[in-house]
Structure formats: C-alpha cells, structure tokens
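First the structure, in the form of structure tokens, and then the observations on it.
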Amino acid sequence: MEPPEPDIVTNLPQPEVTARPEAGSALGEVIFDMKNVSIWYSAFKAVTDVSMTVHENEITALIGSSGSGKTTVLRALNRLNDLVAGARLEGEVAYRGEALYGKEVSATAVRRRIGMVFQKPNPFPKSIYDNVAYGPRINGERNKDKLDEIVERSLRRAALWDEVKNRLNTSGLSLSGGQAQRLCIARTIAVEPDVVLMDEPASALDPIATGAIEDLMRELKSQYTIVVVTHNMQQATRVSDRTAFFYVLTQGDSDTRTGVLVEYGSTEQIFQDPRDSRTRAYVTGRMG
Amino acid sequence: MAPAPAPQQKVDLREPRSWRRSKNRIVTTLMVLSFVLVIIPLGFVLFTVIVKGAPVISASFLTSSIPPNVLPANIGGIGPAILGTIEITALATVLAVPLGILGAIYLNEYGGNRPVARLIGFFADVMTGVPSIVMGLFIFSIWVLHFGFSGLAGAFALGCLMLPIVIRSTDEMLKLVPNSLREGSYALGATKARVTVTVVLPAALGGIVSGALLAVARAAGETAPLLFTILTVTTANPNVFSGANTSLPSQIFVNASSPYVGAQGRGWGAALTLIVIAFILMIAARLVTARFARFAR
C-alpha cells in the first residue's frame, strides 16, 4: 500500500468529473451536477473540490472511510446542511439544470422533491398511518380516501404493508429496526419525490433486513433516482450503477483533514479496474 | 464403559472479602441513611399537618365563609380562600403558561445561538432565583399602587413566578426531542413552523404539560407574592379582576400569626387542604405524562 499522499489540497489531481459513458448503458438525464463543491462546518473544511454528476433512474453509491465527507455531500443535495449552524457551501450544485443554492430557491421546496432516508431509522412518535401520511398532509392533502390510498401504496412499495396492515394505528416506534427503516422509506416515497437520498440506510440492520432494503432500492430505481452513502462495499457492488470513492486527505503537519472525491465511475470499473491506487487499496480491503 | 470423568475443579464465585466489598457496604449504608434523613422532616411535616388539620376538615369547612378569628375551629371555614386560590392560580396559569411555552419554543427552535436568545435564556434563569416576595413587591409597585388590590394583581405576581419555571422545563423537554426527528420532518419538505407544531411539540407535550402543572402546584402554594397584591380579606370575592381577595397560603399565614386557637385550627385545616390540592396536581402531572407517552414506545 502506498502511503497517503502528503500533497496539499490545491495540488490535488483533478478527479474524473463525469461518469464514463462507455462503462454502462446510455446515461440518463443529469439530475445533479456538482462543480468544485467545497463544504465547511464553521472553520472546518469537511469536503474539498468535489465535482460529479448523478444520472436519472440510477443508483449512485458514495463510498469511502469515515470522515471522507460522503454524508456531507449527500446532505448538501437536499440542502439539509442548511440546518447546521456554521455550514457553508462553495461551488455549484445544479439540480436538473437549476442552481440548488440559488437566491430564489426555497430549501423547503427542494426537500419536497428530494427526499432522504437516514442512517438511524427515525419514525415520528405517531401512528404508522400518520407517519406515512405526514408528507402528503404537509403538502395539503386532506382527503381521507386519497390519504388511505397513498398510505397503502407507499407501504406496499416499501414492502411493509403485509406486516403492518392490521395495526396502522399503533406507534411507529413499536416496529423493529428493519421495519422502522422501511416505514421511513415509505414515508419518503409517499410524497412522490424525484430523488431519494439514503445515508447508510442499512447500517443498523441485520443481513435479512439489509437484503430487504436492497431489493427495495433496486425496485425503486425504475421510478426514482437514488444516491446512497454506504460503508458496505458489497452493498455498493450489489445495488449501485455508479460509485464515487471519497478519501480523507490529511494536510501536511497541521493535522487538518478534509474529504476529497478520488475516483468516480461505473461500479464495475471502480471495483474491477480502479485507476487510482487509493481506490484500489480501499476496494480490495487493504485500507479503510 | 466410558472412563469416569475427571472431578471438576471448584470455582469460587463469591465476592472476595476485600476493601472493595467494604467500600460498597459503607456507601450503600450512607445512601440509605441520607434517604431516611430526608424523609424524616417530610414525614414529620405531613404527620403534623394531618393530625392537626384533619379534625377540622369537613364539607362545610371547605365551603363556609371565614369567621372572626376569636370563634372556635369548628365554626366557619375557608371557602373564600379556596375560591381565591383557584381563581388566582387559574388566571396566573392562563397568563404564564402559554407565554412560557412560546418563549421556550423561541429559545430552543428559533433563537439558536443568537445573542438575544441567549440573553433571554440567561434572564429566565436569573428570574428563577428571584425571591418570590420580590415578585410581590414588584407587582405592588407597578400595579397595586395604581389600580388597587385584586386577584388579578396576585395572578400577575404568581405568573411572574411561574414564567421562568415554565420556560426552563419546556426548554428542557424540547431539548430532549431528538434532532433526527426534526431532520426527518425537514427532509419531507416541512417548514420550520410545521416541524415545530407537528413533530417537536407532540413529541415533547407530555413533559411540557407535566412541567407546567408542577409550576402551577408551586404557584398555588406561594404566600409571599400574594401578601402585597391581594390583601387577604375574609370575604369571598368571585371577581378575580377587581377588589381585594384571599387565598389559602396567605390565609394560613394570617391565621398562623393570630393568637386565637380557633383561627390556628382553621389554619391547620387550610394547610392540609393546600397540600391535598398540590398532591392532586402532582398526580395529574403524572397521569398526563403517561397519557402522552402513548406513542413514545
């Protein structure tokens, strides 16, 4: 294994900006286009100079060791970092060609189109029904029949309906970890988002529940664009079409760390034929 | 034939006699002793109030008007004081609880680390430490001197006392709501107001209500803020907004400093009544917490 390169951030070799088209089938429409994105938490530069594109109806996996900025990048895509005091973004993020951080853009409107599933299942302390109906309700849906229909359809799509159809009025917190995560997925897709962001959606789950979530992701791909952060490389190979490898760069002696995008390409290429030595070390399990 | 198994070696699983064990015993004993020490005065107070107050209490005692101090304890009652306490405390609750809850929501959900929010939080803490008689004098000088004694003035004073308690307890409850719930709601496109009303408040409601009820119980038992604001008269005054009024704690104060045995007896009865009211509020707080915990597990 090569020692981590001690070069300072500004001297970074520029990573591949777009996925290589030869790697898979024809690319879908560009959903996200990030150009030279850097993100700070107050004085801490969490991510430096990330450029990548995300394509429609694909699953894009972000992999890399802890602290490499995967989650930070993911949370930048639906402006969830806005909620963190001191968070700041530089560079350009375009969503379907629109500047996501433009002056007129409402973070609330962004999040209605770009949903998120979190690492730790976070059902609201409400009934299962109210959890799923929450999003449609805040979007103004009041019709009971319509809500019933949305709740059933979303729970079915999240492969949870059969397990909960007889207890829709019990607390969402009464579910097991895997069920709770599927409830959160149902809650997210109930608002018919365009994109679903997933932050290590299966890291708190056992292998069977993980399998269920992965099946679900493949299933949802036909309708949604999914960006998923994962620590699990097998999971990335199993579900994703494209993979971005992030890496923690330590700057000189100052002990400042920042996350960078090292390599981005089709999942097959990243895992079979990585071009960067750090990617190779990571995907073959010699690092991280 | 299988060979006889070798005899198993004996293991000693008992706690070794050591300094560690002695330390454990000493500290446990100290804890039990401190608990008993705390319980003794409390038990003594309760015992005395029940022994002296219970014989006086009857249905007519709770409803009759307050007689002249010279009359024996079995004559008359404390009806006006109970009425006054209920009126004044209820009005103080209406004034202070919504304001306190809204203030805490501002501090926790909206204020963030803004200087103005930190200043308000700081002053709420300072207000918690202000002696209750100071609240009474404050209302006396800004209200009573201009508009006279009234239940309303008493409610202002009790409200000032309750406000920081409600702010602090609500603030603590809101802090307990996990941020992941807020983010889950934001990620569905909810606005801040929506997140607060539909996720944060319901999740914290049990704690907020029980905190508010504890503040009410505390205010119901306060004497000092009422001494300069309601005057403590012997006649019932159903109009909480004007005219001098009376209350259980200030009536107890007046009766206890009276030289007449009858008045003192009625004072004990009033004390027991007040304890029972506070007790009921505490139980209500517990029930409310349990009720709202329905979806919390």
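Just so you know, all these numbers are worked out from the coordinates, no wet-lab data involved. All of these numbers come straight from a predicted model, not from anything done at the bench. Positions of Cβ are backbone-derived with ideal geometry, glycine not excepted, and every protein chain shown enters the neighbour counts.
Subtracting the Cα-Cα distance of A:Asn36 and A:Glu92 from their residue separation scaled by 0.36 nm leaves 19.5 nm.
Using a Förster distance of 51 Å, how high is the FRET efficiency between B:Val94 and B:Leu37, based on the Cβ-Cβ distance and rounded to 0.05? Efficiency computed from Cβ-Cβ geometry: 0.80. Put in line by how crowded their Cβ is, counting other Cβ atoms within 10 Å and starting with the fewest, A:Lys165, A:Lys221 read A:Lys165, A:Lys221. Set against the 2.2 N^0.38 Å expectation for a compact globular protein, segment B:13-95 has a Cα radius of gyration ratio of 2.06. Across chain A, the convex hull enclosing all Cα atoms gives 133 Å³ per residue. Site pair B:Arg218 and A:Phe44 shows an inter-label distance of 3.6 nm when each label is modelled 7 Å from Cα along Cα→Cβ. Each semi-axis of the equivalent ellipsoid for segment B:204-270 is √(5λ) with λ an eigenvalue of the Cα gyration tensor; in descending order they amount to 27, 16, 9 Å.
Radius of gyration (Cα atoms) of segment B:84-260, expressed as a multiple of 2.2 N^0.38 Å: 1.20.
Computed over the protein assembly as shown, the Cα gyration tensor eigenvalues convert (square root of 5λ each) into semi-axes of 62, 31, 25 Å, ordered from largest to smallest. If you plug the beta carbon distance of B:Thr48 and A:Glu29 into 1/(1 + (r/R0)^6) with R0 = 56 Å, you get a FRET efficiency near 0.10. As a rough footprinting exposure proxy, the listed residues B:Leu152, B:Leu226, A:Leu173, A:Leu197 were ranked by other beta carbons within 10 Å of their own, and the order from fewest upward is A:Leu173, B:Leu152, A:Leu197, B:Leu226.
Two numbers describe the Cα atoms of segment A:32-139: Rg and Dmax, which are 15.1, 43 Å.
Based on every Cα atom in chain B, Rg and the maximum pairwise Cα distance Dmax equal 26.5, 107 Å. Put a dot 7 Å past the Cα of A:Ser203, heading toward its Cβ, do the same for B:Val126, and the two dots end up 4.4 nm apart.
Modelled spin labels at B:Asn24 and A:Lys103, positioned 7 Å past Cα toward Cβ, are 7.0 nm from each other. If R0 is 56 Å, the Cβ-Cβ spacing of B:Lys192 and B:Met282 corresponds to a FRET efficiency of close to 0.95. Counting only aspartates and glutamates at least 8 places from B:Lys23 when in the same chain, those with an alpha carbon closer than 14 Å to its own are B:Glu15. May I have the convex hull volume per residue, in Å³, for the Cα set of segment A:162-221? Dividing the Cα hull volume of segment A:162-221 by its residues yields 95 Å³.
At 20 °C and 1.002 mPa s, grab the translational diffusion coefficient of segment A:168-288 from Stokes-Einstein with a Kirkwood Rh over Cα pairs, rounded to a whole number in µm² per second. The Stokes-Einstein estimate is 132 µm²/s.
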